[in-house]
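One structure is given below, encoded as C-alpha cells.
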Amino acid sequence: MSRALPEWLKTAVFYEIYPQSFYDSNGDGIGDFQGIIEKLDYIRSLGCNALWINPCFDSPFKDAGYDVRDYKKVAARYGTNEDLYRLFDEAHARGIRVLLDLVPGHTSEEHAWFQESGKAEPNEYSGRYIWTDYWIRGIAGYPYIGGECERNGVYMLNFFKCQPALNYGFLNPTENWQDGMEDEGPLATREAIKDIMRFWLSHGCDGFRVDMAASLVKNDDEAKSGTCKVWRDLLTVLEDYPEAAMVAEWNDQPRAICSAGFDMDFYLDWPGNGYNSLMRDYESRQDGEDHSYFRKDGRGDIGRFLADYLPKYEAARGKGYVSMLTCNHDTPRPSYKLDTRELKLAYAFLLTMPGVPFIYYGDEIGMRYLAELPTKEGGYTRTGSRTPMQWENSRNLGFSEGLPMDLYLSVDAAEDAPTVEAQEQDPESLLNLVRRANALRAQEEDLQADAPFEVLYDEDGGRPFVYRRGQIVIAVNPDGKEASVPLAKLAEKLGTADAFEASRILLQIGEGGVEDGQLKAGAQSFTVYRM
Ligand code: NOJ
C-alpha cells in the first residue's frame, strides 16, 4: 500500500539553496548553515515554507558535493552537524520544512566504502559497487574505470569519473560478475541508504530531494521496474516519518510518483523536454534561437508545453505532485533569455499551477546567469547559475564580509546587478510579485497543489492562454499585443456565459478585464479572476 501524501505539501512552496553561495556568516568567503539561519525570515517573507539544500556533506567537492565522502557528516565549510540540527530547529520554529539532498546512486571515490571495495582482499564492501571480475574486462553500455585500485576488475561510474556507481544489482544479470537485485551486495547497499535516511530524519530533517533517482538498477527495463521496486523498499523508512516528503530528480512523473512512490517529481527542463518551451527553449534548439512561450516576440506556443505536461499531470493526479521550478543549480537562470516583465508572467504562471513549485535562490530577484565564469567544483556551464546571492548594494553585494578574492565565486559585477534590498523598496519589483503570488496561493485553496486544473482556451499559441483552478480563472498573454477571447468560447467550458459577471480580480500584471463580450488580455498581462 502506498503511503498518504503529507498534508503540508498542499500549501508548500520550496526554495532551493546552493549553500556555498547563499550567505556567508563568518567572512570566510563561502556560505554556511548559520548564514541560512540568519536568512530564514527573508525566505518566509517570500511566502516559501520549505527548503531544499544541495548536498552539504563531507566531500572533495569535485561535483559541488554530489560526490559524498561521508553521508552522516556535514562539510566543515558549512559548520557542524549540530549547526545543521539547529538549522532544522530554527526553520521549524518559523514553519519551514527542510529537505536535504540524498545521493543514492554514487559516492565519491574517496568514500571509505569505495576505498574498501577496491581492495584485493574480499571484505564487507566488496559488493557495494559494481565491479567486473578481471582488470581489463569492461562494462558494455556504461562508463567504467580500470587501473586505479588493487582489485582485479574495473568499476562502473554513475556520472563523473569521481563518482563510482553504488551496486543495486542488474534487473537481469547476464555476466557472472553482475549481481541480481536481491543479491547480498545490492541488499546491503539498500540497507546502508535506509540507515542514512533514518539518521537525518531522526535528527529533524523533513525528507529528501533525491539525486538521479532513476539511476539505481542497471540494465533496467523501460518501465524502470527494477529501480521502482528498490524505491518502494527504500521508502518504507518513511513509515516511521509520515510527515516526511520525497522529491525525485527523475523527470518522469508516471514512474517516479505512480510506480516508485515519490510524493513529487521535478518537471525538468533538460533539452528536448516540453518545459523548455516556457522559459528556456533555446537549449533544445541547434541554432540557439529562443521560442520560449513567455517571450513577448510571440514565437512560442503554449501547445508544446501542454502536450508534454498534461499527460504527466493526469497520470500523477491524486497520487503525487508535478514540481515545476524557476530553474536549478544545473540550468541557466531564466533571466538569461527573459526580461523582468517576461519573468513576472512566467513566475505568476508557475506559482498558480498545480503541484508543488520550487524557486531557485536568486531567481526571485532575477539574478543573472553569468555564462562567462570559469568552471568551479565540476560546475562547467552550470557555474554561472551558482554565484553568490545578491542581498544589498554593499561589499560583495552583502553575501560575505570576506575579501572579494576569497569568495567561493565572484559576485555579479554589473552596475545594475539586482539586489533584495533594492527590490524590497520597489512595489513593482519581481521580488514583490513573487511575494504577492505566494501570498495568494496561501490564501486561495483553489491555487494549491491538489486543486484541479483545466485548460479553457489555448488557441493562437496561447495568446491568451486561459486556465481554470477550481473557482479561479487565469488569463495570461505573453504577447506584445493585446489579445482577447469571446466569452462565448469560454462559456462552453464554464457552463455559463455570464460567469465573469460577478468576478473579482485577485492579482494582475498589465491590463485585463471583461468588455463587450470579450475577455481582454492586454500586452504581456496576467490576470487572476475569482468567479
Ligand atoms: C544531478 C545534480 O543535480 C547535479 O548537480 C549532479 O552533478 C549530478 N546529478 C550527479 O550527482
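Numerical summary
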| quantity | calculated |
| --- | --- |
| Pick from segment 175-213, criterion hydrophobic (A, V, I, L, M, F, W, C), part of a helix (DSSP H, G or I) and open to solvent by less than 20 Å² (accessible area, probe 1.4 Å), ranking: farthest from residue 164 (Cα to Cα) | 201 |
| Considering residues of segment 348-388 that are polar (S, T, N, Q) and touching a residue at least 24 places away in the same chain (Cβ under 8 Å) only, the residue farthest from the ligand (Cβ to nearest atom) | 352 |
| First in segment 174-187 and polar (S, T, N, Q), second anywhere and surrounded by 19 or more Cβ atoms within 10 Å (Cβ to Cβ), Cβ under 7 Å, 6 or more apart | 178/170 |
| Residue 463 more than 26 Å from residue 307 (Cα to Cα) and under 32 Å from the mean Cα position of the chain (by Cα) | no |
| Residues within segment 441-454 that are in contact with a Gly (Cβ under 9 Å, 6 or more places away or on another chain) and assigned to a helix (DSSP H, G or I), tallied | 5 |
| Filtered residues of segment 370-410 (kept if open to solvent by less than 30 Å² (accessible area, probe 1.4 Å), part of a loop (DSSP other than H, G, I, E, B) and closer than 24 Å to residue 338 by Cα) | 370, 379, 386, 387, 388, 389, 390, 391, 409 |
| Residues within segment 131-172 that are assigned to a loop (DSSP other than H, G, I, E, B), more than 16 Å from the ligand (Cβ to nearest atom) and touching a residue at least 40 places away in the same chain (Cβ under 8 Å), tallied | 8 |
| Any hit, segment 287-310, residues being assigned to a helix (DSSP H, G or I), modelled with pLDDT under 95 and either over 21 Å from residue 460 (Cβ atoms) or among the aromatic types (Phe, Trp, Tyr) (or both) | yes |
| Matching option when the condition is more than 21 Å from residue 92 (Cα to Cα) and either under 16 Å from the mean Cα position of the chain (by Cα) or not acidic (Asp, Glu) (or both), among 20, 34 | 20 |
| Pair list, Cβ < 6 Å and 6+ apart or interchain, from segment 64-79 residues that are outside the structural domain of residue 385 (by TED's automatic domain parsing) and touching a residue at least 60 places away in the same chain (Cβ under 8 Å) to residues that are open to solvent by less than 50 Å² (accessible area, probe 1.4 Å) and within 16 Å of the ligand (Cβ to nearest atom) | none |
| Among the residues listed as 73, 62, the single one being touching a helix residue (DSSP H, G or I) at 6+ places or on another chain (Cβ under 7 Å), among the basic types (Lys, Arg) and either within 16 Å of the ligand (Cβ to nearest atom) or open to solvent by 20 Å² or more (accessible area, probe 1.4 Å) (or both) | 73 |
| Qualifying residue in segment 89-96 (condition: modelled with pLDDT of 95 or more and open to solvent by less than 10 Å² (accessible area, probe 1.4 Å)) | yes |
| Single match in 508, 423 (criterion: surrounded by fewer than 19 Cβ atoms within 10 Å (Cβ to Cβ) and farther than 26 Å from residue 307 by Cβ) | 508 |
| Every residue from segment 464-492 that is open to solvent by less than 10 Å² (accessible area, probe 1.4 Å) and of a type in the set (Ser, Thr, Tyr) | 467 |
| Residue 326 being within 16 Å of the ligand (Cβ to nearest atom), touching a residue at least 24 places away in the same chain (Cβ under 8 Å) and more than 21 Å from residue 50 (Cα to Cα) | no |
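Conditions tested, residue by residue: (1) open to solvent by 70 Å² or more (accessible area, probe 1.4 Å); (2) of a type in the set (Lys, Arg); (3) on the phi > 0 side of the Ramachandran plot; (4) touching an Asp or Glu at 6+ places or on another chain (Cβ under 9 Å).
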| position | (1), (2), (3), (4) |
| --- | --- |
| 447 | no, no, no, no |
| 462 | no, no, yes, yes |
| 494 | no, no, no, no |
| 502 | yes, no, no, no |
| 519 | no, no, no, no |
| 525 | no, no, no, yes |
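The values are calculated or read from the model by the stated rules, or taken from the named source; none is laboratory data. This structure is a prediction, so every number in the text was calculated from the model and none was measured. All Cβ positions, glycine included, derive from the backbone under ideal geometry; neighbour counts span all protein chains shown. Just the protein is used for accessible areas: all its heavy atoms, side chains included, with ligands, DNA and RNA removed. Shrake-Rupley method; radii C 1.70, N 1.55, O 1.52, S 1.80 Å.
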